[in-house]
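Contents: one structure, followed by commentary.
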Amino acid sequence: MGERRKAVAACLVVAIGAGEAYAFISTAERLTVAREASQAPLRQAMEARQKLETRLAKAEAAVASLPETSARFQAALHAKTAADTAVVTKSAERGCAANCRLLLQAQSDQTNQEVEAARRDMADTRARLEQAVVDARTDLAAFKAPPSPSPFADRIGWSAWVLDLVIAALGSIAANGLACFLMVFGAHSHTVPTETANVTPPEAPEWPAQPAEAQPERLVGAGAGNVVPIRPARHRRSREPSPDAIKQAKGFMVARITRTDDDAETDVRALYRDYVAWQEGKGRPPLPETEIGAALVHLFKVAQIPFGPKDGKAVARGIALKA
């Protein structure tokens, strides 16, 4: 039987684990899809802004890396220097006629034009790159920064996917784990043993022996017209009295109750009132009527004192309160 219970418990654990995993995965997928759909516009806006920032960074880097001179300008300067030197040298020679001087001067003018063109090209290149920087900054300033698609994750320093998994796990545990815990808690409730589980029934008080006619099978009443049979077995069964209640009831019966040989009857309510007064006289709080009543009924059965209803009230036969 124990092995079968272990197998059933193992199957239950596997089923619960499978259900928890399914709930976790489905919750994570549903949460991820919902978040992606709601975050798509914000992510697109962030990507557009990142492109503008990259464009501005490249434009500024191009301006910063622009050289002071270009290769064309350097070559034009060298050609101009050589042409100027040739004009000075060749024109001083005797064999250089007017045509020779004109050719040298034309060559020098051409090199000057190349130098100016190279200088203008450098200026145009710098102006174009600087304008690109200005345009990029203008576009970036005009583009309003979008809010973060995962503000809570950014604030606590987590990645967005980590936060999604944590939320999915908590939702899965709240949905299925709570039900499993409640089921296990209900299945493992233990029964608290009653206080009288191991209590040995007390011995009956040492009273005079009861006459034969006062046995429990006798009829309570003084005449045939008012006769009620005593059937303790059919009396409503009260709860088991506690050891303290039995101890107090036994002390009360020894101190305040006496056996009689006649048909004396005592109302149980009168017994309880006398018990309350007896306890207060000793400076102790009395027990509730139901608890001390159950203890007295128990001792009545042990001592074979007839007890039953009469005229709408419970009475005990053959006993009386001491003066």
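The values are calculated or read from the model by the stated rules, or taken from the named source; none is laboratory data. These numbers come from a predicted model, not from an experiment. Using ideal geometry, Cβ is built from the backbone for each residue, glycine included, and neighbour counts are taken over all protein chains shown.
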Next on the checklist: Among the residues of the range 278-299, are any farther than 17 Å from Pro241 by Cβ, over 60 Å from the mean Cα position of the chain (by Cα) and in the same structural domain as Ser242 (by TED's automatic domain parsing)?
Outcome noted: no
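Can we say Val115 is more than 30 Å from Ala48 (Cα to Cα) and modelled with pLDDT of 75 or more?
Taking the combined requirement at face value, the residue satisfies it.
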Checklist entry - Just wondering, is there one or more residues in the range 90-112 that are more than 26 Å from Pro151 (Cα to Cα), at pLDDT 80 or above and crowded, with 16+ Cβ neighbours inside 10 Å? => result yes
Checklist entry - Hey, Phe307 hits all of (1) surrounded by 18 or more Cβ atoms within 10 Å (Cβ to Cβ); (2) modelled with pLDDT of 85 or more; (3) of a type outside the set (Val, Ile, Thr) but one; which does it fall short on? => result (2)
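Please state which one of Glu68, Glu47 is without any contact (Cβ under 8 Å) to a residue 60 or more places away in the chain, loosely packed, with under 15 Cβ neighbours inside 10 Å and not in a helix (DSSP H, G or I). Can you show your working first?
Working: Glu47 fails: not in a helix (DSSP H, G or I).
One residue alone meets the criteria, Glu68.
So in the range 27-52, with the set limited to residues that are of a type in the set (S, T, N, Q) and closer than 17 Å to Ser148 by Cβ, which one is modelled with the highest pLDDT? Walk me through how you get there before you give the answer.
Just the residues of the range 27-52 that are of a type in the set (S, T, N, Q), to begin with: 27, 32, 38-39, 44, 50.
Now restrict to residues that are closer than 17 Å to Ser148 by Cβ: 38-39, 44, 50.
Values: Ser38: 79, Gln39: 76, Gln44: 83, Gln50: 86.
Looking at the filtered set, the residue picked out is Gln50.
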Next on the checklist: Just to be sure before I move on: is Pro241 surrounded by 14 or more Cβ atoms within 10 Å (Cβ to Cβ), assigned by TED's automatic domain parsing to the domain that holds Arg317 and at pLDDT below 50 in the structure I sent?
Outcome noted: no
Checklist entry - Residues of the range 145-156 being under 21 Å from Ala28 (Cβ atoms) and loosely packed, with under 13 Cβ neighbours inside 10 Å, which ones? => result Pro151, Phe152, Ile156
